[in-house]
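First the structure, in the form of structure tokens, and then the observations on it.
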Amino acid sequence: MERPYSGYAELIGYQLVDKAKDFARLTLLIGPQHLNRMEVPHGGVLATLLDSATGFAVAFADGPERVLKAVTLSMNVQFMGQGKVGETIIAEGRRTGGGRTVAFATGELRTEAGLVLARGDAVYRFLDKRG
């Protein structure tokens, strides 16, 4: 497992567990620190996982050996389920298209049991020049 370093990644605690061209998979063990006052994972945590998974998928547009820099331009999230403390969230992101400067990606969050928690679509702008 690999945890890409950023202060925010460290704070949330997700792990990058799989990567390929146009694809990334993250996991997060839900702890009490991830819950809102309804005692379910906060929507901001779920949105973070979607943004991170789709962002990594875009960063791996030229393959996981060459990580491209990109920033989120927009993201749309649909919340569909609720997880619990002790469950692991699996976040998968896939780059679905784009060109030299803009990329499109989609993502899904689910529990290990297969319950879908959220889905989202995002648009990114590459900061690195692509061939």
**Prompt:** Roughly how big is the chain's charge dipole about its Cα centre, with Cβ charges of +1 (Lys, Arg) and -1 (Asp, Glu), in debye to the nearest 20?
**Reply:** 420
**Prompt:** Assuming R0 = 35 Å, what is the FRET efficiency of Asn36 and Phe104, from their Cβ-Cβ distance, to the nearest 0.05?
**Reply:** 0.75
**Complete:** Ordered by number, the trypsin sites (Lys or Arg not before Pro) in the stretch 61-131 that occupy a DSSP loop and have at most 16 other Cβ atoms within 10 Å are Arg66, Lys69, Lys84, Arg100, Lys129, Arg130
**Prompt:** Net charge near Ser74, counting Lys/Arg +1 and Asp/Glu -1 over other residues with Cβ under 13 Å of its Cβ?
**Reply:** -1
**Message:** Under a crude label model (7 Å from the Cα following the beta-carbon direction), how far is Ala47 from Arg119 in nanometres?
**Reply:** 2.0
**Item:** Net charge of Cβ neighbours under 13 Å - reference Arg110; Lys, Arg +1; Asp, Glu -1
**Value:** -2
**Estimated 222 nm signal from helices in the chain, with DSSP H stretches of n ≥ 4 weighted -39500 (n - 2.57), rounded to 500** = -5500 deg cm²/dmol
**Item:** Set of aspartates and glutamates with alpha-carbon distance to Lys84 below 15 Å, sequence-local pairs under 8 removed
**Value:** Glu39, Glu112
**Message:** If you roll a 1.4 angstrom probe over the protein chains with everything in place, what fraction of the accessible area of the stretch 1-98 belongs to carbon and sulfur, to the nearest %?
**Reply:** 52
**Request:** Once you have the Kirkwood Rh of the chain from its Cα pairs, apply Stokes-Einstein at 4 °C and 1.567 mPa s and quote D in µm²/s.
**Result:** 89
**Asked** Quick one: longest stretch of the chain between exposed loop GluC sites (Glu not before Pro), exposed meaning at most 11 other C-beta atoms within 10 Å and loop per DSSP?
**Response** 66-111
**Asked** Under a 1.4 Å probe, what is the accessible area of the stretch 4-85 per residue, stated in Å²?
**Response** 53
**Message:** Using a Cα-Cα cut-off of under 24 Å, which lysines could be cross-linked to Lys129, ignoring same-chain neighbours fewer than 8 residues away?
**Reply:** Lys19, Lys21, Lys69
**Request:** Using only the alpha carbon atoms of the stretch 63-124, find the Kirkwood hydrodynamic radius as the inverse mean reciprocal pair distance, in angstroms to one decimal.
**Result:** 13.0
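The values are calculated or read from the model by the stated rules, or taken from the named source; none is laboratory data. Nothing here was measured: the structure is a model prediction, and the numbers come from that model. Here Cβ is always computed from backbone atoms with ideal geometry, including for glycine, and neighbour counts include all displayed protein chains. Side chains included, ligands, DNA and RNA excluded: accessible areas come from the protein's heavy atoms. Shrake-Rupley method; radii C 1.70, N 1.55, O 1.52, S 1.80 Å.
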